Each structure stands twice: as C-alpha cells, then as structure tokens.
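Inspection log for the structure reproduced underneath, given as structure tokens.
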Amino acid sequence: MTSNQGLKISDDQNSEKAGVRGGSLLEDFLLREKITAFDHERIPERVVHARGAGAHGYFEAYEDLSALTMAAPFSEKGKRTPVFTRFSTVAGSRGSADTPRDVRGFAVKFYTDAGVWDLVGNHIPVFFINDAIKFPDLIHAVKPEPHVEIPQAASAHDTFWDFASLSPEVSHMIMWVMSDRGLPRSFANMEGFGVHTWRLVDAKGGSRFVKFHWKPVKGVQSQVWDEAQKTAGKDADYQRRDMFESIERGDFLEWDLGIQVVEEKDEFAFDFDLLDDTKLIPEELVPVRIVGKMVLNRNPDNYFAETEQVAFCVSHVVPGIDFTNDPMLQGRLHSYLDTQLRRIGPNFAELPINRPLNPVSNNRRDGFAKNTINKGRVAYFPSALGGVHPMHQPQAVDAFRSYAEKVDGHKIRARSTSFTDYFTQATMFFNSLADWEKKHLIEAIAFELNQCETKAVPKAVMANLLVNIHPELAAGVAEQTGLDIEECKRVAPKPVVTEVAAPKEMPSGRLKVERSPALSMDKVTKGIKGRKIAVLAGEGVDGEQLGALRSALEAQGAVIEVIADRGGTITCSLGKSVKVDRPAVNAPSVIYDAVAVPGGKSAEKLAKTGLALAFVAEAFKHGKPLVFMGEGQALIAKAHLPVPAAGAPEQGVTAGTAPAAVAALVTGLEKHRYHNRDIEAVAA
Ligand code: HDD
C-alpha cells in the first residue's frame, strides 16, 4: 500500500497521535490524504437517469450500409465496434430501487474508428413532450415534491399528474409508461429506441430520415405492478444484479439493431410530423430492417470509474449520422455537454471510459484535471511555427460535415399545428393491446390517480387526456377511481398551448394505422436461456424428480435455484447431498420466473409452511408458470390456488412428473406469464 505520492505505508489503521491516548496530530498527512480523498468521493448525481448500470460489449454489422450512411459501424459486413451501454431509470436518485414504474434509459456509446457516437435513447419509442424547453418542467413535476422530498422514484403523485393533465402531448407516452412496458423484467428484456427521427448521410452527401430500434433477442418481458413494488424492497438491485450475473456466467445480453428509413421525398407522407417525438412510425407502415447486433459481454471493473463517469452526449455523432430539426433533439444538443461539464468537468472526454479509440488532436487546453501532457509552444491555428500540429481537413472525405439542409423561416416561438394531434397514436397504442394489457394499463392509471391528494388533479387527467384517448380507458379508470366523467369535463382547467398553422405540405391524415400489433407484448419468445426457476425443496426431496428438472432445464440454459428452510445442504430421497442455493427467507418469489415443487418428504412439510404457501400464491398471482410434482401437488389446495373451470384457457399450473412437467415449464417460460388467471381471491 502506498500514499498517492508513492510512499510505502507502514500503518494504515492507526492515526498519528500525541501519545497513545493523545489528540491526533495535524501533521498526519496520511490521515488527511485518506480522509480528504474520501470527502471528495462523490460527484453530482445525474439530474435525471441517476440510477443506472452499464456493461461493455460490441456492435456487429450484419451488412454494409454505405449506400445509406457513411457511419463507421456500418461500413462493412461483420465489422465490430466496441460499445459501452448504460441502462437507467429516470426519476429516482442514484440509490433508488431498480423496479419503479418508469421510463428506462438505453444509452449506447459506440467507440468507432471515426470517433465516439452516442445513441442516447430510451426503452420507449416516444417521449412525453415535444419541445426541450418544457423538459425542466416535466422533470420538476415528476421528481419528489420539493417541500417534502416525497415520493422517491414514482410518478404517482399530484405534481406529475397536474403537469400531465395540462400538457396533452404526454398522452401517447403515458400509455406506454402506465402499461406493463413501464415495468421491464430485466435490461435484457427491454427494447431500445433512438426516439427522435435522425438522419443518415451517405458519402455523396445524400440524406434520409431514420428511427433506431434495439430488439432484445430474449424478447420483451415485464413484471406486474405488485411484483415490481415487492421487488424494490426484496432486491433493490434486481436488474443490475441480473445483468451482472448473466454476463459473469456467459449468458450475454443481446439486441438486434433495426432501422426504419424514410427517404426525404416521403417526409410528409404520414399523418403525423416526423419531427414530433411524441409519435412513432408504425412498423406496419415502415418495416424495421435489422442491420446488426449488440452483445454486452463484459462487466465494468469499477462502477464509479466506468458507469458513473461515462458521459453521453446527443451531440457526439460521427460522419454519416446527423440531426433533424426535432425541437427536443435540438434542445438536447445543448443539455448533455452542459451537464457533463457540471458533473465531471471540462476534461471529461479524457477519462478512459469516455476517450475515443482514435487519437485526439486539437488546440483545446487546460482546465481542471487535465490528463494529457500537450507538448510544444503552439496551441493555436494557423501556425507556421509549430512544425507538426493539428490541421483541419477540408479535403478529407471522412471528416465531419453537417448535412447542408436548407433552412428558411421566420424566427418564432410557437408550436406547429402538425405537432398538436395529441391523441391518435395514444388511441392506436390502446387499440393494439391484448385484453390483459388493457386491464393492467387501466389499473395502473387508476392506482396513480388514487395516490393524488388534490381531487382536482385526477379530474383534469380524465377530462383533458383519458376521455380523448379511448372510452373504454376512461370508463375503466372512472370505475376504479370513483370519478364522474361528466363532472370532470365541467370542472377541468384547459391546457395552454401556443400553436401556429403548419406549413402547407404538413401531414394531412394520409399514412396511418388504427392498430399496430408490433406494440403489444402478448408474444411468445423461443428459448429459456437465463430464466430463473425456484425449486422448493427440503430434507427428503424426491431426488429423481429434482434431478430430472435440473438436467432438462439447465441443458436449455435456465438457472435453477434450490430453496430450503435453511442454508447449507439437504439430503434427497436418494441419499445424496444437495446444495441449497438460498434459504427461504433469502429467496423472495419475485426474483424468479417460475416455480417447481418436487415431491418427496419435503413437500409434506412445505404444505404446512406459511412461507412456502405464500411463495406459491404470490408466483401464481404474478402469472408465473408453476409445476407441482408427486406429493408437491398438495400445495395447490393448501395455497388456495383456484382450479380453472373445465374448458378454461391454459393457466400454466401443471401437476405431473417429468418430462411432461418440464415441457410445461418450458412452454410457460416462453409465454412468460399467464395473465388470464382468476387471481382476485388469492391472498398474496
Ligand atoms: Fe435526457 C440523461 C434519454 C430528453 C437532458 N437522457 C439521459 C440519459 C438518457 C436520456 C438515456 C442517461 C444517459 C446515461 O446513461 O448517462 N433524454 C433521453 C431521451 C430524451 C431525453 C430519450 C427524449 C427523447 N434529456 C432530454 C431533454 C433534455 C435532457 C429534452 C434537456 C433539455 N438527459 C438530460 C441531461 C442528462 C440526461 C440533463 C442527465 C445526465 C446526463 O444527461 O448525462 O443532460
């Protein structure tokens, strides 16, 4: 051990004192160095997206896209570009839990051979507002209320819904966040989106519009609200732990990258404005073309140095990627650099996690914590004195040049009417959901409105947003909140928006869809790699059944955890010793995707154990597949799981033995959840 000056330290555990019981000496520079370093350990947390976790990996191009863009990652088939990706929640502080209902950040730093490109997106393809000047208002509204600093990491409070009710452009995004999309099961089960319409620029200067999509190979899967709340208490680090452990065991996180390309000539072909980030381009109108994949395969060595200090900026682009006039994107271009200067300082780009792979050469100098030792006397341009010094490169084909978009207009502070269709896509989203998804969405909005203390707030939400989105949605929320829709319409204050007429060529209701099946999560994903199965066991568990479950499921990449009433080992019916992965008190049901209860002596005891019965009932309530084998079947009745009526759809509760039981678990895990169960009477 040494000091920061390289001095060998003889004793790091005792400060220097005037006698063994005397006062500490000011002279003790080792004490002061250690404590001072500690005092300065924190940097300001991100004003939004403070809670996050990241990982390293690579992006691999499936094809050469140079006809569309000169962006380095797409220049040849099979090319790999290193990446660092950080996932985050928006509203909570750095120490908040992983599973609140919230938008998730999905920020990817590509270390390309032409410089750093940051694609700073979210797990939802649209945003609440469509002008950056409203961002501080949105965030002040959603963050804990300033007089009491309550609630942490939650939109379920007055100020958020007050703001929302007066900003009807939030409607579409509200649909997404209040659906189960707002509760991702894990980072690996989230989609990602570049959100804005961006530009791709080719080497000849030609440009087209593009939307970026990350499609998770493991499928899109979510928790349910009760489960997400419990997870926040039982394992606040659930998602970052899941990513860390997956990577450590070699089960890497993977996404396909897709693009939706719209040629310039089609800019006005849609019934919405491509520059309005509260709108998405339905995949049924412009298919998503898969062009590459991202694999996250290496955990950071140090959370602070990498995940905390990584600095994403929307303005970090490379030749081939350019901006559009989306007013949110334009505002973000300023905000991110500004925030990194405040958070980390002027030399943030020199930190290992932020440095480009290619050499940096310019006349930017000095500032706090400068790392580079610039040599020579010349730090300006032009100069004949310096010999070799940085030159700008007017001739270089691969240098960055802004796309030469024609700009012509009056200075104006207003919103185009092409941005003011607030409800069509919110309605499309609602129409696209399965019945259970609609139910969860209605319950979520009702939950949040019931949390509001000021009665006028939910009324305004009903009158200004919900009734305009869908009558079924409004009626469902009215029923669960006791709101009277007609009264809401009478008393609600009207939103204030400044609009101007859109230019003539603006959208006029041409290309649109009423329903976009791509938006529903009601899908089956092939494969069960990385899914976690709880096996409830104990002394005398049926060894054959346990063995059959384990070998069949682990062969498919699933993770089995044996849970018993204590840690250590148990002895199975075959006399073999079985390792207990977690004692029951350390194993909440919410961290598992499915449950299996093998037979044997252990099952008789489990059927009389409150913890085990609660575990099973909760997993049932959350829609998870359950398998009960042999004596384990006793738990079905003991946990009061309702037996489905004859002819009812498959409910994912199987009583049987391997291999049928294993097959049922696999089918259930691929379906993810059974949301058609009768759960009302289940006490959990
Ligand atoms: Fe933002 C962080 C995504 C609008 C200002 N934002 C931040 C992060 C993500 C996003 C993923 C975390 C990056 C990381 O992991 O370090 N933000 C979005 C998306 C938006 C958006 C998809 C809308 C389309 N953001 C937005 C606006 C503004 C900001 C309109 C300001 C005008 N965002 C910030 C910020 C943050 C940030 C203050 C906080 C920490 C940081 O940048 O590094 O600059």
Inset, instruction - Note down the net charge around GLU405, summing +1 for each Lys or Arg and -1 for each Asp or Glu among other residues with Cβ under 13 Å from its Cβ. - result: -1
Inset, instruction - Quick one: work out the % antiparallel among DSSP beta bridges in the chain, nearest 5. - result: 75 percent
Inset, instruction - May I ask for the distance between the Cα centers of the range 277-345 and the range 373-440, given as a whole number of Å? - result: 11 Å
Legend entry - Average accessible area per residue (Å²) across the range 429-504 - probe 1.4 Å, nucleic acids and ligands excluded: 50 Å²
Legend entry - Within the range 506-595, GluC sites (Glu not before Pro) in DSSP loop having at most 12 other beta-carbon neighbours inside 10 Å: GLU514
Inset, instruction - Would you give the gap between the C-alpha center of the range 444-498 and the C-alpha center of the range 172-202, rounded to a whole Å? - result: 25 Å
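Only Lys, Arg, Asp and Glu count, each charged at its Cβ (+1, +1, -1, -1), so figure out the dipole size of the range 532-683 about its Cα centre, rounded to 20 debye.
Numbers: 15 positive and 15 negative charges, 44 e Å.
Computed about the Cα centre, the dipole is about 220 debye.
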Inset, instruction - Over the range 16-350, give the accessible area per residue in Å² for a 1.4 Å probe, as an integer. - result: 36 Å²
Legend entry - Neighbour-limited loop hits for GluC sites (Glu not before Pro), the range 615-684 (at most 11 other Cβ within 10 Å; DSSP other than H, G, I, E, B): GLU680
Legend entry - Within straight-line cross-link reach of LYS17, lysines at Cα separation under 29 Å, skipping those fewer than 8 residues along the same chain: LYS8, LYS34
Inset, instruction - Could you look at the chain and say what percent of its accessible area is carbon and sulfur, using a 1.4 Å probe and all protein chains? - result: 55 percent
Legend entry - Residues of type lysines that LYS489 reaches as a straight line, Cα spacing below 24 Å, ignoring anything fewer than 8 places off in the same chain: LYS438, LYS439, LYS455, LYS459
Inset, instruction - List, largest first, the extents of the alpha carbons of the range 74-199 along their principal axes, each in whole Å. - result: 52, 30, 25
Legend entry - Heavy-atom accessible area ranking, 1.4 Å probe, most first, across PHE381, PHE29, PHE628: PHE29, PHE381, PHE628
Legend entry - Dipole of the range 532-683 [Lys/Arg +1, Asp/Glu -1 at C-beta], most positive-end residue of ALA663, ALA548, ALA683: ALA683
Legend entry - Net charge, VAL116 excluded, C-beta distance under 12 Å - Lys, Arg +1, Asp, Glu -1: 0
Inset, instruction - Round to the nearest 10 and report in Å² the accessible area of ASP301, as given by a 1.4 Å probe over the protein chains' heavy atoms. - result: 140 Å²
Legend entry - For the chain, calculated [θ]222 nm from helices alone, where every DSSP H run of n ≥ 4 adds -39500 (n - 2.57): -7500 deg cm²/dmol
Legend entry - Calculated P(r) tail over 16 Å for the range 429-504, as whole % of Cα pairs: 52 percent
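Only four residue types carry charge here, +1 at the Cβ of Lys and Arg and -1 at the Cβ of Asp and Glu. Report the dipole size of the range 288-332 about the Cα centre in Debye, rounded to the nearest 20.
Computed about the Cα centre, the dipole is about 240 debye.
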Inset, instruction - Find, among the trypsin sites (Lys or Arg not before Pro) in the range 17-93, those assigned to loop by DSSP (not H, G, I, E, B) with at most 11 other beta-carbon atoms within 10 angstrom. - result: ARG21, ARG42
Legend entry - Cross-link pairs beyond the 18 Å C-alpha cut-off, checked among LYS293/LYS532; LYS109/LYS293; LYS77/LYS204; LYS143/LYS230; LYS265/LYS406; LYS218/LYS523: LYS293/LYS532; LYS77/LYS204; LYS143/LYS230
Inset, instruction - May I ask for the net charge around PRO327, where only other residues with Cβ less than 13 Å from the Cβ of PRO327 are counted and Lys, Arg are +1 while Asp, Glu are -1? - result: -2
Inset, instruction - Please list the radius of gyration and Dmax for the range 163-322, considering alpha-carbon atoms only, with Å as the unit. - result: 18.4, 56
Legend entry - Relative contact order computed over the range 500-631 (Cα-Cα under 8 Å; 6+ residues apart), in percent: 25 percent
Inset, instruction - For the range 516-603, report the accessible area per residue in Å² (1.4 Å probe, heavy atoms, rounded to an integer). - result: 38 Å²
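The values are calculated or read from the model by the stated rules, or taken from the named source; none is laboratory data. Quick caveat, the model's predicted, so the values are computed rather than measured. Cβ coordinates were reconstructed from backbone atoms using ideal geometry, including for glycine residues, and neighbour counts include every protein chain displayed. The area values use the complete protein model at the heavy-atom level, side chains included, leaving out ligands, DNA and RNA. Shrake-Rupley method; radii C 1.70, N 1.55, O 1.52, S 1.80 Å.
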